[in-house]
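Just below is one structure, and these are the notes that go with it.
The values are calculated or read from the model by the stated rules, or taken from the named source; none is laboratory data. What you see is a predicted model, and the numbers here were worked out from it, not measured in a lab. Please note: Cβ atoms are built from the backbone with ideal geometry, for glycine as well, and neighbour counts cover all protein chains shown.
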Amino acid sequence: MIENYILTQVFTPAMKYWNKEIETMNLKELKKLQLRKLKKTVKYVYDRNRFYRAMLKKARIRPDDIKSLKDIEKIPFLTKDDLRKYYPFGLVCVPMNEIVEIHASSGTTGKPVVGPYTKNDLKIWSEVMARCLYANGLRKNDIMQNAYGYGLFTGAHGFERGAQKIGALVVPTSSGNTKRQIQLMKDFGTTALACTPSYSLYVAEEAIKMNLNPKKDFKLRLGLFGAEAWGDEIRKKIESTWNIKALEHYGLTEIIGPGVSLDCGMRKGLHVNADHFYMEIIDPKTGETLEPGEKGELVFTTLTKEAFPVLRFRTKDLASYTEEKCKCGRTMPRHSRIMGRSDDMMKVKGVIVFPSQIEEAVMKVKGVSENYQIIKYKKGVVTELMVKVEPTETMFKKGSLDKLKKQVEEEIYSTLNLRINTEIVKPGTLPRSEGKAKRVVDLTG
């Protein structure tokens, strides 16, 4: 069994931390703990999985070669393609009769990534999610409505486990059936909503249609959001619409699901649960490890997983990181909010464009709703973009849509130094999502 570090404590509402000893551990001591666990993990996979052993031997690495945290750079990266190659259980390190639960990604771009768990893996998952939710402000007396989709997707299950470990009441509504979601939120006195950020705004939109005021007719105080990229402007929109605090969660099926890193509310990045997950930032082109403050691709190694340990998994998520102590008191290293994905990058007229940049620009314009769509298409051999934007109902009734169109285009140009045509469409025109919002429509074939 891989070493883990879960403490049983008695908590009071005034406490800031779920696990103070770990969350405020001296950075030097934390790195010693990480190294000890990394050594065990490398030996564990070497001894228990023939594919990992072959990979490490090919790279001329033996477990005894890991003498410092920097030695992790000797280990080859693992990619999503590798995981699909060994689908479904090629990288499992325990007998199948020790696996008690399986989750998987959607598999929309190929074979799904499978995430198996032992009983101890599930305990770790509950622990890291409890830390995340507790840092968000969730407490035992809260009522958390879990509107992530249940099923093979990890999201709903992770949030449920963490909230129940804290002792909060969980309403497992799953995604969809939005009018019923709204009714239950009102009737049950829901204080925390867990879902994708885009769905929270759709719920508010539907509540208004039901003659309810999101700010006044509900007891909601926390929004627990993840599973899709969302910028600061969307966060402001959510918080002003619901009059709540909107907190972010980061995780991946490949690592554990949600619970990898947490938002303490300081708006200074997300703390990694570093006693369970080792974070690196690399240059996405060269694979070179980058220093704190530099922007690159997030790479994670699991330090305590039993069923499916992962060595140096390339996430394709772009961020920077810091090891500085946070004002919240936590010493765990932080990564920035996700700046984009390397596979979301688009090159338009020689300019590198990320959807997140367009979102930030669009959301800055007064009179624009949170509903937009980026259309990618070809004009001859040249790749072009066009942005469809819904105004708010008030702005649409007011008119002056040509002026709004110009404002959006100017804001995008100010951000990207690129002219992108914008179409203002009638409210309700663009599709809504009860899960992950589809912001980019690729018509390039």
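General observations
- Selection within region 78-102 - more than 21 Å from the chain's Cα centre (by Cα) and in a loop (DSSP other than H, G, I, E, B): 86, 87, 88, 89, 90, 91, 92, 93, 94, 95, 99, 100
- Qualifying residue in region 405-416 (condition: in contact with a Leu (Cβ under 8 Å, 6 or more places away or on another chain), at pLDDT below 95 and not acidic (Asp, Glu)): yes
- Restricting attention to region 161-170 and to residues that are crowded, with 21+ Cβ neighbours inside 10 Å and without any contact (Cβ under 8 Å) to a residue 60 or more places away in the chain, the residue that is nearest to residue 304 (Cα to Cα) turns out to be 161.
- Every listed requirement among (1) of a type in the set (Ser, Thr, Tyr); (2) touching a residue at least 40 places away in the same chain (Cβ under 8 Å); (3) under 21 Å from residue 291 (Cβ atoms) is met by residue 68 save one, (2).
Here's the yes/no breakdown for (1) part of a strand (DSSP E or B); (2) free of Cβ contacts under 8 Å to residues at least 24 places away in the same chain; (3) crowded, with 19+ Cβ neighbours inside 10 Å; (4) of a type in the set (Val, Ile, Thr):
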{"site": "317", "(1), (2), (3), (4)": "yes, no, yes, no"}
{"site": "343", "(1), (2), (3), (4)": "no, no, no, no"}
{"site": "371", "(1), (2), (3), (4)": "yes, no, yes, no"}
{"site": "375", "(1), (2), (3), (4)": "yes, no, no, yes"}
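- If only residues of region 294-309 that are closer than 21 Å to residue 343 by Cα and not in a strand (DSSP E or B) are counted, the one that is nearest to the chain's Cα centre (by Cα) is 295.
- Against the test of being touching a strand residue (DSSP E or B) at 6+ places or on another chain (Cβ under 6 Å), in contact (Cβ under 8 Å) with a residue 60 or more places away in the chain and not acidic (Asp, Glu), the options 298, 262, 193, 290 yield a single qualifying residue, 262.
- Hey, residue 111 farther than 24 Å from residue 44 by Cβ and of a type in the set (D, E, K, R) or not: yes
- Scanning region 248-293 for residues that are among the polar types (S, T, N, Q), within 27 Å of residue 234 (Cα to Cα) and in a strand (DSSP E or B) returns a single hit, 261.
- Scanning region 390-429 for residues that are crowded, with 18+ Cβ neighbours inside 10 Å, out of contact with any Ser or Thr (no Cβ under 6 Å at 6 or more places or on another chain) and closer than 29 Å to residue 149 by Cα gives a single hit, 391.
- Residues satisfying the stated conditions in region 118-164, i.e. part of a loop (DSSP other than H, G, I, E, B) and among the small types (Gly, Ala, Ser): 137, 147, 149, 151
- Single unsatisfied condition, residue 329 versus (1) surrounded by 19 or more Cβ atoms within 10 Å (Cβ to Cβ); (2) at pLDDT 95 or above: (1)
- Criterion (basic (Lys, Arg), assigned by TED's automatic domain parsing to the domain that holds residue 310 and at pLDDT below 95) met by exactly one of 80, 67: 80
- Qualifying residue in region 175-188 (condition: in contact with a Phe, Trp or Tyr (Cβ under 7 Å, 6 or more places away or on another chain), in the same structural domain as residue 267 (by TED's automatic domain parsing), among the charged types (D, E, K, R) and not in a helix (DSSP H, G or I)): no
- A single entry from 267, 221, 180 fulfils the requirement of being modelled with pLDDT under 95, out of contact with any helix residue (DSSP H, G or I) (no Cβ under 7 Å at 6 or more places or on another chain) and surrounded by fewer than 24 Cβ atoms within 10 Å (Cβ to Cβ): 267.
- Residue within region 103-117 that is assigned to a helix (DSSP H, G or I) and in the same structural domain as residue 19 (by TED's automatic domain parsing) present: no
- In summary, residue 211 fulfils each of the numbered conditions (1) touching a helix residue (DSSP H, G or I) at 6+ places or on another chain (Cβ under 8 Å); (2) over 22 Å from residue 276 (Cα atoms) with the single exception of condition (1).
- For region 382-424, residues that are within 9 Å of residue 367 (Cβ to Cβ) and in a strand (DSSP E or B) total 1.
- Checking each residue in region 149-190 for being more than 19 Å from residue 133 (Cα to Cα) and of a type in the set (Asp, Glu) picks out only 187.
- Taken over region 40-77, the criterion of being outside any helix (DSSP H, G or I) and of a type in the set (Phe, Trp, Tyr) is satisfied by 77 alone.
- Members of region 112-154 that are under 17 Å from the mean Cα position of the chain (by Cα), aliphatic (A, V, I, L, M) and surrounded by 21 or more Cβ atoms within 10 Å (Cβ to Cβ): 128, 129, 130, 133, 135, 147
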